[in-house]
Amino acid sequence: MNRKMDDLYRELIIDRYQNPLFRGMLDPNDISYEDSNPLCGDELRIDLRVDDTGIVREAAFSGHGCAISQASADLLLESVLGKSLDEVRAVTKEDVLDLLGIELGPVRLKCALLSLKVLKAGVYGLGAGEANDDIVE
Amino acid sequence: MVPVVYLDSTATAQKPRQVIEVMDHFYRESNANIHRGIHVLAEESTALYESARGRIAQLINAPSARQIIFTRNTTEAINLVAYSWGRANLKARDVVILTEMEHHSNLVPWHMLASERELRLEFIPVTVEGILDLEEYQRLCELNPRLVAFTQMSNVLGTINPASEIIRIGHQAGAVVLVDGAQSVPHFPVDVQALDLDFLAFSAHKMCGPTGIGVLYGRKTILEGMPPFLGGGDMIKKVSLRSFTPNELPHKYEAGTPAIAEAIGFGTAVEYLQGVGLESIAMHEKEIIGYALERLEEIPGVTVFGPTVEHKGGVASFTLKGVHAHDVAQILDADGVAVRAGHHCAMPLHQKFQLDATVRASFYLYNTLEEVDKLVEAIYRVKKIFRT
């Protein structure tokens, strides 16, 4: 096992994959969006509850996917709690990679960024199938 | 660099030196367009291209090399049948029988034609054991299908389907029968006359040949009766400003300059496989898959999909409990074991077994029992990282 693998599957990622803090669905919710990665079949839905001042108060994700995509969703939702929707719109690809603390090749990058794509499509109010990769660039 | 244990030949096979060299030699020594020009190079390249066709005809025991149509790949071969034969012969409410284990290439062309022509698509179910339910197929045949199209070997389950029986039943019902040979022709002897099939599609790159070239074999009377597919040079006998007369077989279906070097490489790949012997390749793979199933099933948490070894070619698709297929493949890759993870272009089959993704290890003539051991060792490493 080389060093790179230990980094990629660092303790935090395995831990968040196996014991996520934000797994579930919110019903009712203020924002809900889902999308998939056709390459690997990952599917992800994110639900948010937002208060009158536009602050994210509750967040949950559901669906299935690899450790990277699931851990990324869990960490991302944790990071947006208490943030305004404007702040959520400003979250970047780098922010997500910082949360994960790993470097990824182009294929796994899609796994890591699926959660950001779904979250942003939700807060921008995009319709089904309208989210594309540009949204996270 | 770590030597790679390549267990992804179902996606594409590695190429022997002979194939690479013959293509290199062609470009250096004989490069010219075919079927036109009288110079020596044009004659040479035409002869090489046509002799590759002959070699391929011999491999599948085609009555004539004229029945070997070069296409880009299996997908294009099946699309050719859908566009040309399908559009000329199928009308609203006609029944087309497919199976639940089809690869997207033998599914989507029929979806497209079905929505254009309002066809009725029916599917032979896959049983929990991973084989086709032939009793249900018999019942479906009472619907008077016009076409039966099925894969001779599943790229996910590894199931080798009883082609002779499926073809016989289809013919009795009056259907034309297309066989997707993408996974069968590379791995065991396929005889189009013994099987009595109407169409056979396969790709070079899965059988040690280059990408970008495949074959559609067709029954002569059917191919002669079909309208042309793509229009252009080479597929015509005569052209005037307002009309054209199509060329004879096989050129009628080969518009434009084809993949000449690739066809020649394909011919050499076939020669290489014949040198080893398709029977020997099948036996070798049987031994490996038998051993792989035994070893994989010993690993706690591993579930292998598909039938028992008697009905199976060299494909083992599996899941590891608590770890997503993508993560398994990534960690295996770090140990130099190349496998595929995902739905392997067979999403409906994965939906049926309620899987989002599987890991697939597939074997070919160059794989060894030691490589199976390496695969198993690497899976134990995945279990360690994921603490399962």
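The values are calculated or read from the model by the stated rules, or taken from the named source; none is laboratory data. Bear in mind that the values here come from a model prediction, so they are computed numbers and not experimental data. Note that we place each Cβ from the backbone using ideal geometry, even for glycine, and neighbour counts take in every protein chain shown.
Can you spot a residue in region B:26-42 that is surrounded by 15 or more Cβ atoms within 10 Å (Cβ to Cβ), in a helix (DSSP H, G or I) and either outside the structural domain of B:Leu143 (by TED's automatic domain parsing) or under 25 Å from the mean Cα position of the chain (by Cα) (or both)?
The first filter runs over region B:26-42 and keeps only residues surrounded by 15 or more Cβ atoms within 10 Å (Cβ to Cβ), leaving B:26, B:30, B:32-35, B:42.
Now drop any that are not in a helix (DSSP H, G or I), which leaves B:26, B:30, B:42.
Filter once more, keeping what is either outside the structural domain of B:Leu143 (by TED's automatic domain parsing) or under 25 Å from the mean Cα position of the chain (by Cα) (or both): none.
No, every residue in region B:26-42 fails to be surrounded by 15 or more Cβ atoms within 10 Å (Cβ to Cβ), in a helix (DSSP H, G or I) and either outside the structural domain of B:Leu143 (by TED's automatic domain parsing) or under 25 Å from the mean Cα position of the chain (by Cα) (or both).
Residues checked against (1) more than 7 Å from chain A (Cβ to nearest Cβ); (2) within 23 Å of B:Leu98 (Cα to Cα):
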| residue | (1), (2) |
| --- | --- |
| B:His326 | no, no |
| B:Ile331 | no, no |
| B:Ala338 | yes, no |
| B:Met347 | yes, yes |
| B:Lys352 | yes, yes |
Worksheet item: Where residues in region A:4-33 are within 14 Å of chain B (Cβ to nearest Cβ) and touching a Leu at 6+ places or on another chain (Cβ under 7 Å), which of them is farthest from A:Leu97 (Cα to Cα)?
Response: A:Arg16
Practice prompt. Report, by residue number, each residue of region A:28-51 that is farther than 25 Å from B:Asp356 by Cα and modelled with pLDDT under 95.
Written response: none
Discussion item. Step by step: first the residues of region B:300-317, then only those that are of a type in the set (A, V, I, L, M, F, W, C) and in contact with a helix residue (DSSP H, G or I) (Cβ under 6 Å, 6 or more places away or on another chain), then the one that is farthest from B:Pro189 (Cα to Cα). Which residue is that?
Written reply: B:Val302
Worksheet item: Can you name the residue in region A:69-94 that is among the aliphatic types (A, V, I, L, M) and loosely packed, with under 14 Cβ neighbours inside 10 Å and, of all such residues, is farthest from A:Lys117 (Cα to Cα)?
Response: A:Leu81
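Within region B:298-318, take every residue that is under 24 Å from the mean Cα position of the chain (by Cα) and hydroxyl-bearing (Ser, Thr, Tyr) and give me the one that is farthest from the other protein chains (Cβ to nearest Cβ).
Residues of region B:298-318 under 24 Å from the mean Cα position of the chain (by Cα): B:304-318.
Checking the rest, the ones that are also hydroxyl-bearing (Ser, Thr, Tyr) come to B:308, B:317.
On the way: B:Thr308: 27, B:Ser317: 13 Å.
Selected residue: B:Thr308.
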Worksheet item: Looking only at strands (runs of 3 or more DSSP E) that fall completely inside region A:1-97, which ones have 2 or more residues that are among the acidic types (Asp, Glu)?
Response: A:31-37, A:42-50
Practice prompt. Out of the residues in region A:39-59 that are buried (at least 23 other Cβ atoms within 10 Å of the Cβ) and within 14 Å of another protein chain (Cβ to nearest Cβ), state the one that is farthest from B:His104 (Cα to Cα).
Written response: A:Leu44
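Just the residues that are surrounded by fewer than 20 Cβ atoms within 10 Å (Cβ to Cβ) and part of a helix (DSSP H, G or I), please, taken from region A:124-136. Spell out the reasoning first.
Filtering region A:124-136 down to residues surrounded by fewer than 20 Cβ atoms within 10 Å (Cβ to Cβ) leaves A:124-130, A:132-135.
Those that are surrounded by fewer than 20 Cβ atoms within 10 Å (Cβ to Cβ) and part of a helix (DSSP H, G or I): A:Asp133, A:Asp134, A:Ile135.
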